[in-house]
Each structure stands twice: as structure tokens, then as C-alpha cells.
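The structure appears below as C-alpha cells.
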Amino acid sequence: MSGRLSGDVRLLLWVTASVLVIILVAAFLAPARGDYDYVPSTWNTGSAGAKAAYLLLAQLGYKTARWEQPAAQLSQVDAAHTTLVLADAYLSNVRDEEKGIADFLKRGGRVLATGAESALLLPSSSIKQADQIFSGLCFTTPQSLSAMGRAGKVAMPVPIQWIGRNAQVDQACGDNAVVVHYSVNAGEAVWWSSAAPLSNRGLHRDADLRLLLASVGAPGRTVLFDEYIHGERKSIASTIKGTPVAAIFWQLALVTLLLILSFSRRNGPIRALVSTPRTSPLEFAESMGALYGKAGATDVAVGAAERRLMEFLHTAGGIPQQTLRSGPEAIAAAVAARFAYTTTDLQVDLQAAQEAAHAKLRAKAALELVRRLDRHIASLRARMRDSHAAQQNGDKRD
């Protein structure tokens, strides 16, 4: 076997290498994508992302980390010295997380939640749509003397407002409460109507930065940015769930299978197809069978089975031809006398075989009749064999 690659293999390798080069060049030289990612995730470097807040808090003395597990796992953290940031959650079922977050607050934890979905994760939350439509950002009015109220005028979108009376309002836009905080057992919950103040775009404003620092607590605390609520999962399988990656994988698998089949078909051993010669007995039998089947000649098959039985009765059973031509009743009586074969089925089957010569049977009924006639031959042959064996044993005893 030659060590050189065939022309098809070289062509496939060249095409694969060319595609990889094009992908790499496009990846490095393609223009930057538009700023269309609005998720306040610590992985997002766009204007709406929270990566700047994640890195800045670490530089200011906080211990920052990404939380990528269900809220029930918060039981493993030191709640009294930890702040959990829920920036605009979009979970399909927020109720799965609500219990874990409530337990975290009861143990002395601090939660900063932003947006409508995140508010649903807080105990005793109460929100509704804003009373007026704001065409852009609203610069809030401080409402309390707390650190969050003293942060100053914060640039805040106002899609929703807090209406519950159990919370201290710290910032408002008109009559809409947009920054509040309240105690939950030993813990504290803080809510903003939007994650804009902690976004990469919002942190350049001093008031927004002061609001973030006042909301997460004093330096030295651990700040967990919850990425689980943004769809982040620890396992690869859970991360790609719901994405087109699985569909792409199956498409690539199908293309690979087609390439393998195409290559192996063109490069496999070439062998002539086996063709049955027309002089073969098998070919003759198949042709005749197809011909009889097309004609519906069931009487031919039944007649052949009847002749086999008659020939056996004459040659092996010694029944005269005159008796065999006398009719089913006489044949059955002669067989009963000769073989002690007293079944009534033989006469019935012989009668049916004679009638089949004049009345065309269905294929299934004809096949069953042929089988019954052949079973009579087998039964009579077995009786003859048993009788012969018994006679030999008797001679030996004598």
C-alpha cells in the first residue's frame, strides 16, 4: 500500500485548513460587535454590564466572587459578612430561589436586588409600574438620611416603583420610590428599580458609585454577584442548555457522517455484483413461483400436494390404484385398515383437495390445506417407522 495520500484526501485537508484560516482571520480582523448585551453580568464588558463594579469593589477592599449555584447553596456561606447582588434576574421560575434567599437574609445576610424579577425574590416585596412615563434617566431626589439617601442625585431609569410600606425609601423620582431598604430578621434587603447605577456606564457618576458602596455595606465584606440568575451554570451541559450549541453539534455530526460515507464509498474495494445466472435452478423456481403467484394458481399447489399423498399411499403404503381412484371415503377406510390411522381429518382434507380443482381458494387457505396434506404423509411415515422398529425388536427377542 502506498504511503502517499490520495487526491481526495489532499483536497479535503486543503479545504479544512482554508476554512480554519478564514475563521481565525475573521475573528481577529472583524469589527467589534454592537453594544447589544443588556444583561448586568460581571462577564459583560458593554455599557450595561457589571464587570467594572466587580473589579472596582475588589480594588476597594471587598472580596468579590461570582455565585453560579442555586440560592439553596447559600447556606454554606458566612451570611453575616456577605452581600448577595441580584442584578436584574431573569429566571424562568423565581420561586425556586426565593426560599434560599429568605434563609440567607434570616441568617444576617445582605441582599442588593435590582429590577422587577429580583424584587420577587425578596420577602414581603411589593412593586408596580411607575405612575408616570420617563423619556430618559431620572435624577432621583434623596428621601432619607441613610448612607443610600446621602449618596446624592442618582441617574435611574424608572420602569417600576416600590409600593410596600415596610421599607425605608432612600431615593425617589417624583412620587415613585426607586431605592429602598428594610430589615428581614437579622439581615437587610436593598432594592433598586434598575441596575443602571452599578453598570459600566453608570459607575462614572459619583452619586451612582456612592449608592453602590452604601448598598453593599462596609469594606471587608464578601460581595457575591449572582450569575446563576443570568443563566450561568457550573457544568458545560447546563450552560449550553437552551442554546443552539446542541443543534450545531448534531449538524456537524451529520456532516461528518456524510463525509465518511461518501469517502468510504468511493475508496472502498470494488467488487462485481453477484448476479444469478438464468440457468440456475433457483432462478427457475423463483420465476415459476412469481408466475403462479401472479396467476393466483392455488389449485396447482393443492394438486401437487394431493399427488404427493397419493404416490406415498401407493408406493409406501401398498394401497392399490383402483382404491385411490375410488374417492376420499374409500381412501380413508383403506388407510385406517392399513395403518390404523383412524382420524377423520384425512377424509375431510382429501375432499377439500378435490374441490379445490374446481373452486379457486385464497392463497392463505390453499397454503393451510397443503400443510395439512403434508402432515398426513409425515404422520403415516412415522407410524411405518415405529411399526418396523417394533417388528425388529420382536425378532431379536425370538
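The values are calculated or read from the model by the stated rules, or taken from the named source; none is laboratory data. The model shown is predicted, which means the values in this text are computed figures rather than measured ones. All Cβ positions, even for glycine, are placed from backbone atoms using ideal geometry, and neighbour counts span all protein chains on display.
Quick one: which residue in SER287, SER238 is modelled with pLDDT of 75 or more, surrounded by 10 or more Cβ atoms within 10 Å (Cβ to Cβ) and out of contact with any Leu (no Cβ under 8 Å at 6 or more places or on another chain)?
Values: SER238 fails: modelled with pLDDT of 75 or more.
Going through SER287, SER238 in turn, just one is modelled with pLDDT of 75 or more, surrounded by 10 or more Cβ atoms within 10 Å (Cβ to Cβ) and out of contact with any Leu (no Cβ under 8 Å at 6 or more places or on another chain): SER287.
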Exercise for the section: Go through the residues of region 168-191 one by one and say whether even a single one is of a type outside the set (A, V, I, L, M, F, W, C), within 16 Å of ASP88 (Cα to Cα), surrounded by 19 or more Cβ atoms within 10 Å (Cβ to Cβ) and modelled with pLDDT under 95. Expected result: no
Completion exercise
Checked region 297-316 for anything modelled with pLDDT under 85 and of a type in the set (Ser, Thr, Tyr); matches are THR298
Problem - Failed item, numbered, when ILE160 is tested on (1) over 20 Å from LEU198 (Cβ atoms); (2) under 46 Å from the mean Cα position of the chain (by Cα); (3) of a type outside the set (Ser, Thr, Tyr) - result: (1)
Exercise for the section: Evaluate the following for THR141: is it under 18 Å from ALA196 (Cβ atoms), assigned by TED's automatic domain parsing to the domain that holds SER215 and touching a residue at least 24 places away in the same chain (Cβ under 8 Å)? Expected result: yes
Practice task
Give the residue that is nearest to the chain's Cα centre (by Cα), with candidates limited to residues of region 192-204 that are more than 22 Å from LYS63 (Cβ to Cβ) and surrounded by fewer than 19 Cβ atoms within 10 Å (Cβ to Cβ).
Solution key: ARG201
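If the requirement is being charged (D, E, K, R) and over 24 Å from ASP386 (Cβ atoms), which of these qualifies: GLU311, GLU329? Even if it seems obvious, please write down each step before you answer.
On the way: GLU311 fails: over 24 Å from ASP386 (Cβ atoms).
That would be GLU329, the only listed residue that is charged (D, E, K, R) and over 24 Å from ASP386 (Cβ atoms).
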Exercise for the section: Could you list all residues from region 121-139 that are surrounded by fewer than 22 Cβ atoms within 10 Å (Cβ to Cβ), modelled with pLDDT of 90 or more, touching a helix residue (DSSP H, G or I) at 6+ places or on another chain (Cβ under 8 Å) and over 13 Å from VAL180 (Cβ atoms)? Expected result: PRO123
Fill in the blank from the handout: Among the residues of region 313-336, the number that are surrounded by fewer than 16 Cβ atoms within 10 Å (Cβ to Cβ) and either under 18 Å from ALA382 (Cβ atoms) or of a type in the set (Phe, Trp, Tyr) (or both) is 4
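Condition test on ALA378, is it under 60 Å from the mean Cα position of the chain (by Cα) and at pLDDT below 85? Talk me through it step by step, then tell me what you get.
On the way: under 60 Å from the mean Cα position of the chain (by Cα): yes; at pLDDT below 85: no.
No: the conditions fail for ALA378.
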Practice task
For THR298, indicate whether it is among the polar types (S, T, N, Q) and without any contact (Cβ under 8 Å) to a residue 40 or more places away in the chain.
Solution key: no
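Checking the conditions here, which among THR343, THR323 is assigned to a helix (DSSP H, G or I), over 28 Å from ALA295 (Cβ atoms) and assigned by TED's automatic domain parsing to the domain that holds GLY293?
Working: THR343 fails: assigned to a helix (DSSP H, G or I).
Of THR343, THR323, the one residue that is assigned to a helix (DSSP H, G or I), over 28 Å from ALA295 (Cβ atoms) and assigned by TED's automatic domain parsing to the domain that holds GLY293 is THR323.
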